[in-house]
Structure formats: C-alpha cells, structure tokens
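Computed from the coordinates by the stated procedures, all read-outs in this text should not be read as laboratory data. The model shown is predicted, which means the values in this text are computed figures rather than measured ones. Quick reminder, even Gly has a Cβ in these numbers, built from the backbone with ideal geometry, and neighbours come from all protein chains shown.
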Amino acid sequence: MPLDDCCQKTVVTVAPDASVHDVIGLMEGKNVGCVVVTEGKKPVGIITDRDIVIRVVSKNGNTRAVKAKDAMTKNPFCLPGSTGVFDALKQMKGKRFRRIPVTDAKGNLSGIITIDDFTRLLVKELSFISSIIEEQSPGF
C-alpha cells in the first residue's frame with residue numbers, strides 16, 4: 001500500500017517567518033505535535049513540540065520573537081507518496097523519525113505520515129482479520 005493511500009492529507013503548515021508563539025497556538029488548536037514549514041507548496045522544514053522545548057524554551061527564548069525558521073529542522077526528510085508502507089516504516093525506524101512529510105512527484109507537500117497512523121492502520125487490519133476468523137469459526 002502506498003503512503004498516498006494512508007497518510008493524512010490535511011497538514012498543518014506555517015511560513016518560515018511565523019512566530020514560534022503562533023506555531024504553538026496552531027499545535028494546540030489542531031491537536032498536533034508538529035507543523036511543516038513551507039515556502040509555497042514545498043516543505044522546507046518541520047518543527048515539533050520537542051524542537052520548541054529544546055531549541056526555544058530551554059534557552060529562555062521568547063516564543064513571540066523566535067521565528068519558525070530558527071527553531072525548525074531544515075530540509076526535512078520527506079517520502080514520495082508512492083513509497084510503500086513497509087519501506088516507510090523502515091525509514092522511520094532507521095532515521096528515528098515519528099513523523100515524515102509526504103510529497104507528490106513535483107516535491108510539493110501532499111500529506112504527512114506518523115507512527116500513530118501506522119498504529120491505526122495495523123489495528124484496522126487486525127480487526128478485519130479477526131472478523132474473518134470469527135465469521136469462519138464454528139460456534140461453541
């Protein structure tokens with residue numbers, strides 16, 4: 001199954017000049033742990049709740065004065081939407097990422113895949129398998 005079939009299509013994004021304070025507000029309002037920083041439709045960075053704590057708050061940074069571009073991880077690792085689920089999981093494990101932006105053939109942001117998405121997918125598949133077993137088992 002390609003990532004295009006299971007990634008989240010709605011991605012919370014900000015421009016590089018957005019304040020970290022605004023990023024925090026978006027994270028809280030949208031109940032997400034990361035925001036993709038974009039220029040146009042291209043992902044140029046990713047900023048997580050952990051990035052904010054380590055790169056801004058722990059340094060007594062003013063979240064209103066610090067820009068997303070100064071707190072983000074630049075040039076985020078992205079995967080094409082055609083990448084298979086198993087390959088994506090191997091990349092996540094190998095690179096120790098919990099979230100990866102997904103791009104289309106032109107490199108434009110088209111979604112995001114998270115470890116939580118894979119967990120939900122696995123639970124859904126296991127439930128489907130369980131229902132097949134239940135339907136085909138003799139009643140006792």
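Counting charges near LYS124 (Lys, Arg +1; Asp, Glu -1) among other residues having Cβ under 14 Å from its Cβ returns a value of -3.
The Rg/Rh ratio for the stretch 3-136 is 1.06, where Rg is the radius of gyration of the alpha carbons and Rh is the Kirkwood radius. In order along the stretch 83-97, the Karplus-derived 3J(HN,Hα) couplings, from 6.51 cos²θ - 1.76 cosθ + 1.60 at θ = phi - 60°, round to 5, x, 4, 4, 5, 5, 4, 4, 5, 4, 5, x, 9, 6, 9 Hz, and Gly and Pro are given as x. Checking the Cα-Cα distances for LYS30/LYS124; LYS42/LYS106; LYS9/LYS74; LYS41/LYS106; LYS30/LYS106 against a 18 Å cut-off, the pairs over it are LYS30/LYS124; LYS9/LYS74; LYS30/LYS106.
Converting phi to 3J(HN,Hα) with the Karplus coefficients 6.51, -1.76 and 1.60 and the offset θ = phi - 60°, the stretch 54-65 yields 6, 8, 10, 4, 5, 9, 6, x, 7, 5, 7, 8 Hz in sequence order, with x at every glycine or proline. Cα centroid separation, the stretch 21-56 to the stretch 83-131: 19 Å.
Residues within the reach of a label modelled at VAL57 (point 7 angstrom out along Cα to beta-carbon, backbone nitrogen below 18 Å), restricted to the stretch 1-35, are 19-35. I'd like the orientation of helix 115-136 relative to the chain: the angle between its Cα long axis and the longest Cα principal axis, in ° from 0 to 90, rounded to 10. Relative to the chain, helix 115-136 is tipped by roughly 10 degrees. Counted over the stretch 1-54, the DSSP beta bridges are approximately 75% antiparallel. Remark on ALA18: its backbone amide H falls under 5 Å from those of ALA68, LYS69, a criterion applied only to residues 5 or more positions apart or on other chains, H modelled at 1.01 Å from N.
Structural descriptor for the chain: relative contact order 28 percent, calculated from alpha carbon pairs under 8 angstrom and at least 6 residues apart. Net length available on complete extension from LEU126 to LEU26 is 32.7 nm, with 0.36 nm assigned per residue and the Cα-Cα distance removed.
Counting neighbouring Cβ atoms within 10 Å and putting the fewest first, the residues LYS67, LYS74 line up as LYS74, LYS67. Close amide H partners of VAL37, meaning residues 5 or more places away or on another chain with modelled amide H under 5 Å apart, are VAL14, VAL44, GLY45, ILE46, ILE47. Couplings for the stretch 30-43, taken from phi via the Karplus curve 6.51 cos²θ - 1.76 cosθ + 1.60 with θ = phi - 60°, read 9, 6, 10, x, 8, 10, 8, 8, 10, 10, x, 9, 8, x Hz in order; Gly and Pro are left as x. Taking a Cβ cut-off of under 14 Å around MET1, the surrounding Lys, Arg, Asp and Glu residues balance to a net charge of -3, with basic ones at +1 and acidic ones at -1. Using the rule -39500 (n - 2.57) for each DSSP H run of four or more residues, divided by the residues of the chain, the 222 nm mean residue ellipticity is -12000 deg cm²/dmol.
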